[in-house]
Each structure stands twice: as structure tokens, then as C-alpha cells.
1. Considering only residues that are among the basic types (K, R) and surrounded by 16 or more Cβ atoms within 10 Å (Cβ to Cβ), which ones fall in the stretch B:309-338?
2. Counting only residues that are more than 15 Å from the chain's Cα centre (by Cα) and hydrophobic (A, V, I, L, M, F, W, C), which one in the stretch A:196-235 is most open to solvent (accessible area, probe 1.4 Å)?
3. Any chance the stretch A:42-51 includes a residue that's closer than 23 Å to A:H142 by Cβ and either within 14 Å of chain B (Cβ to nearest Cβ) or among the aliphatic types (A, V, I, L, M) (or both)?
4. Yes or no: the stretch B:8-25 includes at least one residue that is in a helix (DSSP H, G or I), farther than 30 Å from B:W284 by Cα, open to solvent by less than 100 Å² (accessible area, probe 1.4 Å) and not charged (D, E, K, R).
5. Restricting the search to the stretch B:106-147, which residues are within 42 Å of the chain's Cα centre (by Cα) and among the hydroxyl-bearing types (S, T, Y)?
6. Given the condition within 14 Å of another protein chain (Cβ to nearest Cβ) and of a type in the set (D, E), answer yes or no: does some residue in the stretch B:375-384 qualify?
7. Suppose the filter is assigned to a helix (DSSP H, G or I) and surrounded by fewer than 13 Cβ atoms within 10 Å (Cβ to Cβ); does B:T127 pass it?
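The values are calculated or read from the model by the stated rules, or taken from the named source; none is laboratory data. The model shown is predicted, which means the values in this text are computed figures rather than measured ones. In this analysis, Cβ positions are derived from the backbone assuming ideal geometry, glycine residues included, and neighbour counts consider all displayed protein chains. For accessibility, only protein heavy atoms count, side chains too; no ligands or nucleic acids. Shrake-Rupley method; radii C 1.70, N 1.55, O 1.52, S 1.80 Å.
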Amino acid sequence: MTTRPPSAFARSSALSANSPASRLSPAVTPEVLVAIDHVDFFYGATQALNDICLQVEAKRVTAFIGPSGCGKSTLLRCLNRMNDLIEGTRLSRGTIKIHGVDIYQRDVDVIELRKRVGMVFQKSNPFPKSIYENITYGLLLHGRHEKKHLDEIVERSLRGAALWDEVKDRLHTSGLGLSGGQQQRLCIARAIAVEPEVILMDEPCSALDPVATAKVEELIQDLRSRYTIIIVTHNMQQAARCSDRTAFFYLGKLVEYADTRDIFTNPTNPQTEAYVSGRFG
Amino acid sequence: MIESPSALPNPNFAVQKRRLRFLGLTIDDTIRAFFGGNAFVAVVVLALITFFLFREGIGFFVQNRFNVELYRQAGLEYVDHIRRQADDHAALSRYLSDLRLRQFSILTEREKRSLADTNTALAPFDTFAEQFSASADPLRALLSDLTEQATALKTKFVVTEDRKEERRQLLAVGKLAEAAAVEIVAVDFARELQPLIAMLPTYQTANRDFARTLAELIERPPALVQVELASRLATFQRFTRDYVAGFPAIERAMAAWDYRQPVPVWHALTSFIFGRQWLTASFWQDWYGILPLLVGSLLVSLVALFLAVPLAVGAAIYVNQIASLREQRFIKPCIEFISAFPSVVLGFFGIAVLGQALRTLSQQSWLAWLPGFPFSERLNILTAGSLLALIAVPTIFTLAEDALNNVPRAFKEASFALGASRLQTVLKIIVPASLSGIISAVLLGLGRVIGETMVVLLCAGNRIAIPDFTQGVAVLVEPVHTMTGIIAQEMGEVVRGSVHYRALFVVGLVLFLLSLAINYVAQGIVRRYRISIG
């Protein structure tokens, strides 16, 4: 892993002193990586998030669950500022800090932020390029061109995404020629090629069949030791199987956030209980 | 005993219905027939147009062959050997007058001599030029005689053909007596050409004198008033020596000439496709060569594309990828509004404003470094091309914008999520993904431009000649004529069924095939593009 200051995406590198040490040491009490504090978010005049407070721990899998339209995807897309691409959206109150740096400050370089906070989308979206070029795209953007180095990273990323054995003989064929599940794993490989710290997954399995879903879930288990993963899912079994912590959202509010086991076996909020037991949603 | 179930239909199960019929057709059938009929009409019209174009066009090749054959039989080809010789001599004379002009301007402008003084200084040169010009007089006299003879023979033949046609028409309506009264004298080419060929020894004698005069003249050139023009005089001497050295070849060609030599069938086609002259209603010989028109059309279209593609594609990328919603709402209708101008209005604008403005611009001294600047022709390739670019922009813009729009949003998001800037996303993901769509947009723009008539007719200058490519880029400020322009200009005044009329049809046919090919390629690219995006 290259050594760079964790707050490299902020030009003002305040508050970075505490992080590298805790990243290296085995976490006894999990370190808070993403701190969401009293966030309100609007699409035009519609409020999508209402006073969200949430802390995501490093190197854990955190699941966001909730019925459609509850704001879980919106929150996820706030974390790498993908919502900036939609006109008329704004974070009207509150802060989101990663490594203690407020990512909505003016001096934050969004490009650097997105490099550190990768994303996998609901529908697999490989570029209409070869498998190899899909992986190297992010690297070339950031000015890494040595062929040998690229080859190495392509292999490592594809192995990391458990795809290497299936595609190693056809790296230079189109990424669109893969099956749905393979495409999604290619997208994961593409995301980890740039070595992010956080990987955001927006319903990564909703378009996949059960076998492909199982593969992606296994992959998530493999990745948890190295990356902080936040996953939005509609599938409660998936949240139960994959995640360490679960947050339940309803109508733009965070209803409950606890260890996954507690959410599914012993929820404190009656709404949560109703949802996880399948009585509404 | 159990009763067998009734074979009669149960009246409660009423699934049969009597439909309203009109002329034996239900309403559904009528609607079907109506739409099917419309589609059928479109197909039939297309087939008719194509058939008509081909039927009128194909006849051209028969008539053109006849035309070329007559050119040989009537001895026009024979006489043209001498005509070319005389034309070359005239070109040399022009070279001399150009040389005089240069000396003249140096004397008056640089050395500030008076007019009378200058003319005196140039007197020896003028004498030389006059002698040079006069040396061809015997040749020209001979040429004039031969031209008259050949023309007379051709006229005689044409008159005979007309008489034959007249008799055929009379016979067709049954007027036998009148038909018999039409006097037809068959033209005996061998006999009629005799005086023409008999002139050969006279010509050879004249040619020898001519060659000797030129050789003598060239050995004692006038003293130039400026030394710096000496190289030009040397060039002139070399040209003249080459010219004289070509005489024996001309004589050999004339001696070997035979009016009976058949004109190959394919000559009718090649003289059209590779013909460098489009010459109609000439007293001497008509030529129908499409090359000047084709070159004109292509040059104008290329200039138009060269200007329109960056503008239109750039605007499409901006509107689709970068502009805010409010900018989009303003820019898109503006660009699409350009296509609302009737092209005749644009042409008028081109004559009245743009041509004048471009010429004025070209005459600015700080722009003199540009190739072709300054130019004096107001109507030229550049003027027409600029206006055609305006016509192509809405087409290319709209289609390219569609192509960009068809790139799934997911590609853009994925690219941004990997930390790409807006520019990187546009250049590395969006444009490559929509490239085939953009290319086909450009091709359809080309199709639009190449078929455009009014603007080029008004603004291209309408000089029927292949522009001088030796000037490099400066060729773009020369006037040309185009395929569309020539049809619009000449179709109104040709005799129906004549070779000229049919030649215009063939030009139309070429235009049709060209557009067809462009559209076919564009469609093919679009089809491939749809598959690749999935």
C-alpha cells in the first residue's frame, strides 16, 4: 500500500494525526472512519434526509436498509459527493467527515475524494472498453502509465474481485461481453484498482441471479479485511449475512443503527422490528 | 337412458358477433388498408423516380458516343491538334505580357519613371513580344480555314440527320408523299474530308517556318531593364524550346489520323467520368465531363464540413454534457432555428453580405499571410462553403447530440466515481462511446450539404473549370460550379431529349448515387453502434 496522508483529498490537511496509527494497529475499539453529523439533504424543495447522525467504523461492513425512497441511497451518494452531479441538490445542514475532514468544505478536491471513496453501482456499468482498459481507466486518470505496473494492478484487482481465473485469457475483449455477475465483479475490481479506503455499494446484487449474488457476497467477505464497505440493500438476508453493522432508514430518517445481530434479533424500535420481520416495506 | 349432449350451440355462450362492414371490409381492415396504402405509395414513388432517372440518363451514353464519333468523323478532332498548338502559343504570349507588366510596375513604382519614359525603355521588349505574337499568324490563318471546313461538314451532317428524323416523323403519321419529298443527301465523309487532309503539306511547310521563326526569335531575346527578371526570361525560353520540340509529334499525330478509326463504346462513359470540360452550346464541339462539377461539389462540401464539424460537435458536447439546464433550453432552439432559414435567403445573404465581407477581410494587410489572401472573387468556394456549413450545423448538432444522449448515464457516473474530471469523462468515455453516432451525424450532414442547391448556385461563383490545385490551399478562394447548381441552372433551357438534357440527368444520377452511398454508410455505422452499446 502506498503511504500517503489519509487526508490527501483535502488541501488543508488538518486532523490527520490520529488516523495512520489506528489504521496500522489491530482495532480493539473500532476506529470511526466516516462521521455523519445532523445531515439534512434536499432535492430541490424535497427533503430527502432529515437530521441523520451516523458513524461508520473502519474495516467493517455497514449495511443501509429500508423501504424504497427512505434515503439510504441518497446518503450513500453523499459520501463521495456523487449527488453533486444532480442539479438542484444541496446538503443544507450538518457535516460529513471522513478521517475527520469535512468533505463538503469548499477546499475539498472532489476528484481526490472519489479516488479515496470508490463506488459500485446497482446496475453493473463497465465501460464499452476491454476488461483490461476498464481496470486501468482509473489508474491512467491519475497519471500512472508504466505498463508493467498496470499489468500487476490489473491482475491483483481481478484476483481481489475473484474474477481473474474467469477472464485471464480474454483481458482484451470487451467488458460488455461478460455475464451480469461477472460485469458486477469487474466493476468491483475497477473500484479497488485505485486503492480506495471506502467502497460504497449501491444495491450491488439487485440485478443478479442467486448464484452471482452469492459470489459477490463472498467477495464482500474477502474485502472487509482491507476496505471499509458500506452497502445499500433491499435484501434483508443479505444485510444479515454480510454486514457487521446495520442502519435502518425510514422516510429520510435514521430509525435505528446497531450491530447487525441486534437489529435482526432484538430491535429496539417497533418500526425496525416490523420491517425486518417483513410486516411492511 | 341418458340423453346425449346437444350439438346445438348454447345461446348463452355468445362469442360470435356480426361486424359492421363497408365494401366488404371491417373497420380494422380499412385502417390497415389505409396505412398499408400510404407505405405502398412511398415505395412506388421511389421506384418511379429511380426508374425515370435511369431511363433518361442511360440514353446519354448512346448520344454522347454519337457526339464523340461525329467529332472524329467531321474532322474536328483533326483540326483540334492545330488548335491546341495555337492555344499553347497564346499562353506563351500571355507569359510575355505578364513579364512586361512586372517590368512596367518596377519602372514606374520603384524607379518612379514617367509613363513615356517607361514605354521608351520597354520598346525593344514590345517589339520582341509583337514579333513573337505575329509568328503564329500563318498558323492561325490556316486554323481558321480548317475550322470553317470542319464546321461546315458537321453542319451538313447534322442537317442530314434532321432530315432523316423529319422523314421518319412524316412516315409515322402516314404522309408518304411529303416523306418522299424530303431530300436526303448522305454525307460522304471520305470525300468531304479530302480538302482537310490535303492541307497537311501546307501545314507542315507553315509549321517549319513557324518553328524556325521561333527558334531565331528566342536566340536573340531583348535586354531586360531589370536583371532580377532574367530567370523568368530563361523560363520563357525553355518553355518555347519545349513547345517547338513538340511540333513533330503533332505532325505525326495528324498524319496518322483516320476518321474511320472507331470510337470505343466505353469512351462515352470515360469521356463523361474523366472529362475535364463541361462545354455546352459551343460553336465547335460540346463536351460533357463531370469532373469540374464533381470537384466543385466536393470542395465546397469539404470546406463546409471542415467548418461545421468542430462547431456542431463542440456545441453538442457542450449542450449535452456541460451546459446547465437553462443554457440548454436557450442554445438548443437557437441552433435548430438556423435550419428555419430558406436556403435562398442564406444565398442572398451570402452574395450581399458574406462574400463582400470575406473579400474585404482578405484585403486587410495583416491577413496577407493566409494562403489565397487577398482574393478578388467575391463568390467562391469559401463563401459557399461557409454558408453550407451553416446549413449543416443544425443537422450535425441534432444528431450528434442524440448520439451523446444515448450514452448510458451509468458510464458517466462510473467515470466520475473513479475520480475523473468532467473533461476526462467527456473525452475518454462519452465521446468514444458515441463516436460512431457522431461520425454518422457528420456523414448525414455531408449528404445534406452535397445535395444543397440554392446556396451554391448563388454563391459558388459558377465558373465551370477544375480549380488550380497547384496553388495549394489557395484553391479554396476560386469560383467553381457544382453538380446541383448546373442542373438548376441549365435544366430550364435545354431541348428535351437532347444530349445536353440527358447529360444533366446523368449528373443527377451521380448525385443520387453519391447521397445513397453516404446514407448507406451512415446507417451502417449507426446500426453497429446500437449493437455495441447493448
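1. The answer is B:K332, and nothing else.
2. A:V211
3. no
4. Checked the stretch B:8-25: no residue is in a helix (DSSP H, G or I), farther than 30 Å from B:W284 by Cα, open to solvent by less than 100 Å² (accessible area, probe 1.4 Å) and not charged (D, E, K, R).
5. Within the stretch B:106-147, B:S133, B:S135, B:S144, B:T147 qualify.
6. no
7. Yes.
Here's the yes/no breakdown for (1) in contact with a Leu (Cβ under 9 Å, 6 or more places away or on another chain); (2) among the hydrophobic types (A, V, I, L, M, F, W, C); (3) outside the structural domain of B:L217 (by TED's automatic domain parsing):
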| position | (1), (2), (3) |
| --- | --- |
| B:L23 | no, yes, yes |
| B:T30 | yes, no, yes |
| B:G36 | no, no, yes |
| B:V43 | no, yes, yes |
| B:A90 | no, yes, no |
| B:T108 | yes, no, no |
| B:L122 | yes, yes, no |
| B:A129 | yes, yes, no |
